[in-house]
Amino acid sequence: MLPLLADGNSGNLFWELLVNGLVMGSLFALIALGYSLVYGIIELVNFAHGDLFMLGAAMTYTLTALAVSWFGVVTPGGMSFAIVLGLLLIVPFFCGGVNVVIDRVVYRPLRQSPRLVPLVSALGVSFVLVNIGQLWIGTAPVSLENKAQLVSDASLTQIGEVPIKWKDAVVLITVVPVMIGLTWLVKFTRMGKAMRATAQNLVAAQLMGIGVQRVIASTFFIGGYLAGLAAVVYTLKIGRIEYQMGFQNGLYAFTAAIVGGIGNIPGAVLGGLLLGFIYSFGGGYSQGNWVDALIFGVLIVLLIFRPTGLLGSRTREKV
Amino acid sequence: MTLPSRSAIAGGVLFALLAVLPQLPLADWAIPANLLTELLILSILALGLNVILGTTGLLHLGIAAFYGIGCCIAGILTTSIFPFQTNFLVAMMVSAFGTALVGLILGAPVLRLRGDYLALVTLGFGQIVITVLLEFENITGGKKTLQGLFPPLLPFVSEGTLGRRGEWQSFPHFYYLCLGLLAIVYLGLGNLERSRLGRGLVAVREDELAAGAMGLNPARLKLSALAIGAGVAGLAGSLFAMHNTNTTEPQNSFNFNWSIIILAAIILGGLSSRAGVLWGVVLLMGFDKIVSRIIDDSLQAAAADGNAAFRLSNYRLMIFGLVLIVMMRFRPNGLLPERRGTSK
Amino acid sequence: MRFRWFHILLVFPFAIPFSAGCSGCNKREANTIVIVSSLPRTGSAKGQTDTMVNGIKMAIDEYDGKVGDFKILFQDKDDAEASSGQWTAAAETANANAAVNDKDVMVYIGPYNSGAAAVSMPILNKAGIAMISPAATATGLTKKNADNKDEPDIYRPSGKLNFTRVVPTDDLQGPIAARFIAEELKKKRVYVLNDNERYGEGIAKEFEAGARKLGLTVLGNEKINVAQQEFGSLMTKIKNSEGGPPDAIYFGGTTQSKGGQVAKDMIKSMPNCVLLVPDGCYEKAFIDSAGAGLEGRVFVTFGGQDPTRLTGAGKTFVEKYKEKYKTDPEAYAVYGYEAAKVALAAIKKVNKKDRDAIREAILGTKNFSEGAIGTWSFDENGDTTAQIFTISEIKNGNFVPVKELNGLKPSAP
């Protein structure tokens, strides 16, 4: 009933859990960025974001199945590398596109509505996406590895006693350039400047001649793109998808965004990593359900006592 | 003499329909009778959420957790595993008040929060409640449920017609019991709306700052709303436990999805209007549980069975989601919105 | 204007039942007996339960759908919901209540999961409807046991028995896995996991008790969080147990409670460890969800015979099944068939539409040989005297029996 502490071989356990936490944390960070970006710009908690991630995973599976039907059996090697690259190119665009469409159809007509209206709509979108996932994937989970072994299970290298698997490396190798690219985009491009301006004050940005609807659409696209990336590397690492996977992962990532300060990009990354560590160490040192309670407890405590998160945010309470 | 308002007519018509329903030849229409009772129980739950969301304007995304707490309290009090083994009346009251107490405790930290942060905290609380119900399974039954709940209906009434164990839990006796309780809750909440407390809640919903400036205490009012809403939800939970004769699994019956489904029902029917809430539940849950089942069965009999695309129940979540999206887009005040400024 | 649209919307839901009912397609003949099955028809168990329902239908077809004066109507009900991917208490309760309210229902075949049985047994017991489960194996459903002093009386509020099953109980199946680890695999150290449900937790406890008796070292008995998508951290923890990783892991659970994912994560994390799972994982869906590398690493126990090993009437059943449905039956298909045969034989014997009489007839089944698994009887608890167990490994995506054990040996068919 109560969390137990693992005994024995603690040194090795710690480092392995650390690596695991780093990897899961990177995944959470990618998804958290989507939440943060959208909230920063239109102050909407996009409940449907986690389910978009799930659809990305479904697309990953379908595309892999398609590739296998064209090319035959795939084992780790040249062909699988090409397929992985293809997935990393196509799926994020798919998710980004879907996100833009959802914004255009559901949220854009509600720009002038009181805040709770788009929030409730986002809940509705979440349900619709989950249902699409249920029809797409089915009610039983599916395993990517039954279709193709795209990334080998072997260890890439070893730091001391702790193995770093290929699958973990794929996650880390993908995440780092993405973070750099995103930071560059937001800091040094015109679109990034427009995004920051719109996030600060939408009306003023409009007055300055910024096409805010396009900026918002771009933000949704980027958020979706990141979710799609996360979906591909998640599916490669974990190998198993089910239509319910968006809810839990989404909530964890959302907590990460809050922890880091919602609307804040480095905050989302920090929050993601922190949450990855909580997830990994919690799973390693305690039993089952308490990890969930812990993460939601963190969410609640933060929302009540420090809603601006660890790195603060730019939104202000308007009277 | 003033004519009854539109919502009073709507409410009256609905109650009349519900009272007549068991007398119709349901078995011929292949409507399982126990589904009707579930409509009534969900109506009571929706009325509870309405106090919090419709009347007071607090977006609460964890109402199903209170439903679950009420269910578990009733289960603990009536199961033969524990020494309490009370009758249903006592179990129902303790569930309602106990859940109200929990609502009070969980409500205290959220009073300073606005709109979406409040929603997220209630979401988090809902998930934590599920975890607690699952982990403390020696008390709550957890995933394995507490089953065999067949208490007597009233105290001091031993095995007579009403007291006969389990008999009153069958259709149509239990249905009419639930209908009666629904009527009591409905009228009681109507009194609440017309009272000083009720007007205070509406004031908090409309403009919390102005209400405070007028001398009301928004924190206390919000706490009252949360406690009352939780209490009504707990009452519904105890009925749910009796209806199922077991407490069912927390993670399936009291999860976030259910909170949103009830939300969809009251948004469909009309926030803040009690009659609207009832119609929303009847329409949405009636469609989901009864009509879609009938359509599925006749589709199965007629055409390809096993083909997922033809089963209406596979589109359930999409329908709920679309209800939310469409209502928010076109009629955020619902089908039967509250009429402000006219006599009710 | 709004009022009119609103009116139409209100009438709509009430119009549907009228149209469905008045078409007459729901009218039943007077002398119909309904047999209801309540199995998880949604989620990963569907593959297995499809074959079970087919088995039941085959049994009814052998009687041409008529027993004595009565027409037999079969209703295939689902006790699983899409949202959970497996059985839920609410769905099982609804099925039980529907069966109670329908005056023509005489026999309830099911459920598949012991947890579901715990939920519906009290309801059906009160109404006196006989239950024949083809797969629910938790000990406490029929027998007194040390873990829970309230079982099985809490499932029998009327004081009479109504629950029977055609497969043996977990107090026998659990220790068999322990014996296999100790004697065949010659391993010493085990870590036990369970899914916190009545069946999984129960059989994990039985396994642990059996393992301790045989002198195996049990490093822990822990429940997993079934909602989790992967168990990497858990496997890391197990790998770093005191004294090194275990030789074997026992998972008390089903495919639906993430048995496949446990297998997958274990294989990734601990190359030298084997996994033992009970009959809740004896289905193709488990093999699919567990991925690659299962050869020689995963063993599954089963309270019955693998379809490839059935002889006599059992072999005939398998052949007829393949001919009719063009696919192989899964492990529990023949037990669905057996349950239906028991029910139909009892109805034939009683020849009355009387729940109590049929219940008594089913409970009194002795030396039953009309089925496909040999000759067996129900004992005074409602358990079967047939006690064959199979332990299988997985080769080329199929179950291959490696050991068959006979408790009370049923005589040859």
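The values are calculated or read from the model by the stated rules, or taken from the named source; none is laboratory data. Just so we're clear, the structure is a prediction, and the values are computed from it rather than from any experiment. We place every Cβ from the backbone using ideal geometry, glycine too, and count neighbours over all the protein chains shown. Areas reflect the complete protein model, heavy atoms only, side chains present, ligands, DNA and RNA absent. Shrake-Rupley method; radii C 1.70, N 1.55, O 1.52, S 1.80 Å.
Among the residues of region C:25-50, which ones are open to solvent by less than 10 Å² (accessible area, probe 1.4 Å), polar (S, T, N, Q) and within 21 Å of the chain's Cα centre (by Cα)?
Within region C:25-50, C:Ser37, C:Ser38, C:Gln48, C:Thr49 meet the criteria.
State all residues of region C:70-89 that are more than 10 Å from chain B (Cβ to nearest Cβ) and at pLDDT below 90; if no residue qualifies, say none.
Correct list: C:Gly85 only.
Given the criterion modelled with pLDDT under 85, open to solvent by 10 Å² or more (accessible area, probe 1.4 Å), touching a strand residue (DSSP E or B) at 6+ places or on another chain (Cβ under 6 Å) and in the same structural domain as A:Gly97 (by TED's automatic domain parsing), identify the matching residue among A:Lys165, A:Lys147.
Working: A:Lys147 fails: touching a strand residue (DSSP E or B) at 6+ places or on another chain (Cβ under 6 Å).
It is A:Lys165.
Sort through A:Ile258, A:Ile222, A:Ile262, A:Ile295 and tell me the only one that's away from every other protein chain (no Cβ under 14 Å) and either surrounded by 24 or more Cβ atoms within 10 Å (Cβ to Cβ) or touching a helix residue (DSSP H, G or I) at 6+ places or on another chain (Cβ under 8 Å) (or both).
Details: A:Ile258 fails: away from every other protein chain (no Cβ under 14 Å); A:Ile262 fails: away from every other protein chain (no Cβ under 14 Å); A:Ile295 fails: away from every other protein chain (no Cβ under 14 Å).
It is A:Ile222.
Of the conditions (1) under 25 Å from A:Val45 (Cα atoms); (2) crowded, with 21+ Cβ neighbours inside 10 Å; (3) not aromatic (Phe, Trp, Tyr), B:Leu111 satisfies every one except a single condition; which number is it?
(2) is the only condition that B:Leu111 fails.
Within region C:129-186, can you find the residues that are without any contact (Cβ under 8 Å) to a residue 24 or more places away in the chain, at negative phi and either of a type in the set (Lys, Arg) or in contact with a strand residue (DSSP E or B) (Cβ under 7 Å, 6 or more places away or on another chain) (or both)?
C:Lys144, C:Lys149, C:Glu151
In region C:309-354, which residues are closer than 15 Å to C:Leu39 by Cβ and of a type in the set (Phe, Trp, Tyr)?
C:Tyr332, C:Tyr335, C:Tyr337 - these are the residues of region C:309-354 that are closer than 15 Å to C:Leu39 by Cβ and of a type in the set (Phe, Trp, Tyr).
Just one of (1) in a helix (DSSP H, G or I); (2) touching a Phe, Trp or Tyr at 6+ places or on another chain (Cβ under 7 Å) trips up C:Leu275, so point out which.
Every condition holds for C:Leu275 apart from (1).
Is it the case that region B:233-246 has a residue that's touching a residue at least 60 places away in the same chain (Cβ under 8 Å) and not in a helix (DSSP H, G or I)?
For region B:233-246, residues touching a residue at least 60 places away in the same chain (Cβ under 8 Å) and not in a helix (DSSP H, G or I): present.
One residue is enough: does region C:93-104 have a residue meeting the conditions open to solvent by 20 Å² or more (accessible area, probe 1.4 Å), touching a Leu at 6+ places or on another chain (Cβ under 6 Å) and outside any strand (DSSP E or B)?
No, region C:93-104 contains no residue that is open to solvent by 20 Å² or more (accessible area, probe 1.4 Å), touching a Leu at 6+ places or on another chain (Cβ under 6 Å) and outside any strand (DSSP E or B).
Looking at B:Leu223, B:Leu284, B:Leu278, B:Leu271, can you tell me which residue is more than 12 Å from chain C (Cβ to nearest Cβ), surrounded by 24 or more Cβ atoms within 10 Å (Cβ to Cβ), in contact (Cβ under 8 Å) with a residue 24 or more places away in the chain and not polar (S, T, N, Q)?
Details: B:Leu223 fails: surrounded by 24 or more Cβ atoms within 10 Å (Cβ to Cβ); B:Leu284 fails: more than 12 Å from chain C (Cβ to nearest Cβ); B:Leu278 fails: more than 12 Å from chain C (Cβ to nearest Cβ).
Only one candidate passes the filter, namely B:Leu271.
Just the residues that are free of Cβ contacts under 8 Å to residues at least 60 places away in the same chain, surrounded by fewer than 21 Cβ atoms within 10 Å (Cβ to Cβ) and under 24 Å from B:Ser313 (Cβ atoms), please, taken from region A:109-143.
Matches in region A:109-143: A:Leu135 only.
Report yes if C:Ile358 is of a type in the set (A, V, I, L, M), within 30 Å of A:Glu145 (Cβ to Cβ) and open to solvent by less than 50 Å² (accessible area, probe 1.4 Å), otherwise no. Walk me through it before giving the result.
Working: of a type in the set (A, V, I, L, M): yes; within 30 Å of A:Glu145 (Cβ to Cβ): no; open to solvent by less than 50 Å² (accessible area, probe 1.4 Å): yes.
No; evaluated as a whole, the condition is false for this residue.
Considering only residues that are in a loop (DSSP other than H, G, I, E, B) and at the interface with chain A (Cβ under 9 Å from one of its Cβ atoms), look in region C:278-295 and name the one that is surrounded by the most Cβ atoms within 10 Å (Cβ to Cβ).
Per the stated criteria, the residue is C:Gly291.
On the given criteria, is C:Gly260 within 12 Å of another protein chain (Cβ to nearest Cβ), at pLDDT below 95 and either farther than 24 Å from C:Thr42 by Cβ or surrounded by fewer than 24 Cβ atoms within 10 Å (Cβ to Cβ) (or both)? First the steps, then the outcome.
Details: within 12 Å of another protein chain (Cβ to nearest Cβ): yes; at pLDDT below 95: yes; either farther than 24 Å from C:Thr42 by Cβ or surrounded by fewer than 24 Cβ atoms within 10 Å (Cβ to Cβ) (or both): no.
Against the criterion (within 12 Å of another protein chain (Cβ to nearest Cβ), at pLDDT below 95 and either farther than 24 Å from C:Thr42 by Cβ or surrounded by fewer than 24 Cβ atoms within 10 Å (Cβ to Cβ) (or both)), C:Gly260 does not qualify.
Of all the strands (runs of 3 or more DSSP E) wholly in region C:114-196, which have at least 3 residues that are more than 19 Å from the chain's Cα centre (by Cα)? Spell out the reasoning first.
On the way: elements: C:130-133, C:163-165, C:189-194.
Hits in region C:114-196: C:189-194.
Does at least one position in region B:178-198 carry a residue that is within 14 Å of chain C (Cβ to nearest Cβ), out of contact with any Gly (no Cβ under 6 Å at 6 or more places or on another chain) and among the aromatic types (Phe, Trp, Tyr)? Working first, answer last.
At the first step, the residues of region B:178-198 found to be within 14 Å of chain C (Cβ to nearest Cβ) are none.
Among the residues of region B:178-198, not one is within 14 Å of chain C (Cβ to nearest Cβ), out of contact with any Gly (no Cβ under 6 Å at 6 or more places or on another chain) and among the aromatic types (Phe, Trp, Tyr), which makes the answer no.
Out of A:Gly276, A:Gly312, A:Gly284, A:Gly271, which single residue is more than 17 Å from the chain's Cα centre (by Cα), open to solvent by less than 50 Å² (accessible area, probe 1.4 Å), touching a residue at least 40 places away in the same chain (Cβ under 8 Å) and within 13 Å of A:Gly21 (Cα to Cα)?
Details: A:Gly276 fails: more than 17 Å from the chain's Cα centre (by Cα); A:Gly312 fails: within 13 Å of A:Gly21 (Cα to Cα); A:Gly271 fails: more than 17 Å from the chain's Cα centre (by Cα).
Unique residue meeting the criteria: A:Gly284.
Filtering region C:299-336 down to residues that are assigned to a helix (DSSP H, G or I) and of a type in the set (A, V, I, L, M), which residue is farthest from C:Ile394 (Cα to Cα)? Spell out the reasoning first.
Taking region C:299-336 and keeping what is assigned to a helix (DSSP H, G or I), we get C:307-309, C:313-325, C:333-336.
The next check asks that each one be of a type in the set (A, V, I, L, M); those that pass are C:313, C:318, C:333-334.
Values: C:Ala313: 26, C:Val318: 20, C:Ala333: 19, C:Val334: 20 Å.
Among those that are assigned to a helix (DSSP H, G or I) and of a type in the set (A, V, I, L, M), it is C:Ala313.
Being under 25 Å from the mean Cα position of the chain (by Cα), away from every other protein chain (no Cβ under 13 Å) and of a type in the set (D, E, K, R): is that true of C:Glu206 here?
Working: under 25 Å from the mean Cα position of the chain (by Cα): yes; away from every other protein chain (no Cβ under 13 Å): yes; of a type in the set (D, E, K, R): yes.
In short, yes.
Could you tell me whether region C:266-276 includes any residue that is crowded, with 23+ Cβ neighbours inside 10 Å and of a type outside the set (A, V, I, L, M)?
no
Within region B:89-104, identify whether any single residue is in a helix (DSSP H, G or I) and at the interface with another protein chain (Cβ under 9 Å from one of its Cβ atoms), and answer yes or no. Give the steps one after another, and end with the answer.
Start the filter on region B:89-104 by keeping residues that are in a helix (DSSP H, G or I), which leaves B:89-104.
This time we only want the ones that are at the interface with another protein chain (Cβ under 9 Å from one of its Cβ atoms), so: none.
No, region B:89-104 contains no residue that is in a helix (DSSP H, G or I) and at the interface with another protein chain (Cβ under 9 Å from one of its Cβ atoms).
Can we say B:Val102 is within 30 Å of A:Ile262 (Cα to Cα), touching a residue at least 40 places away in the same chain (Cβ under 8 Å), aliphatic (A, V, I, L, M) and open to solvent by 30 Å² or more (accessible area, probe 1.4 Å)?
Numbers: within 30 Å of A:Ile262 (Cα to Cα): yes; touching a residue at least 40 places away in the same chain (Cβ under 8 Å): yes; aliphatic (A, V, I, L, M): yes; open to solvent by 30 Å² or more (accessible area, probe 1.4 Å): yes.
Considered against the rule, which asks whether it is within 30 Å of A:Ile262 (Cα to Cα), touching a residue at least 40 places away in the same chain (Cβ under 8 Å), aliphatic (A, V, I, L, M) and open to solvent by 30 Å² or more (accessible area, probe 1.4 Å), B:Val102 comes out as yes.
With respect to C:Ile238, determine if the residue is within 29 Å of A:Val162 (Cβ to Cβ), touching a residue at least 40 places away in the same chain (Cβ under 8 Å) and either open to solvent by 10 Å² or more (accessible area, probe 1.4 Å) or away from every other protein chain (no Cβ under 11 Å) (or both). First the steps, then the outcome.
On the way: within 29 Å of A:Val162 (Cβ to Cβ): yes; touching a residue at least 40 places away in the same chain (Cβ under 8 Å): yes; either open to solvent by 10 Å² or more (accessible area, probe 1.4 Å) or away from every other protein chain (no Cβ under 11 Å) (or both): no.
No.
Name every residue in region A:182-211 that is surrounded by fewer than 18 Cβ atoms within 10 Å (Cβ to Cβ), in a helix (DSSP H, G or I) and either hydroxyl-bearing (Ser, Thr, Tyr) or within 16 Å of the chain's Cα centre (by Cα) (or both), in order of residue number.
A:Thr183
Please go through (1) over 30 Å from B:Leu209 (Cα atoms); (2) more than 14 Å from chain A (Cβ to nearest Cβ) for B:Val129 and return the number of the only condition it doesn't satisfy.
(2)
Which residue is nearest to the other protein chains (Cβ to nearest Cβ), if the candidates are limited to region B:55-74 and must be part of a loop (DSSP other than H, G, I, E, B) and open to solvent by less than 10 Å² (accessible area, probe 1.4 Å)? Walk me through how you get there before you give the answer.
Taking region B:55-74 as the starting set, the residues that turn out to be part of a loop (DSSP other than H, G, I, E, B) are B:56-62.
Add one more test, that the residue is open to solvent by less than 10 Å² (accessible area, probe 1.4 Å), and what stays is B:56, B:59, B:61-62.
Numbers: B:Thr56: 13, B:Leu59: 5, B:Leu61: 8, B:Gly62: 11 Å.
Ranking the candidates gives B:Leu59 first.
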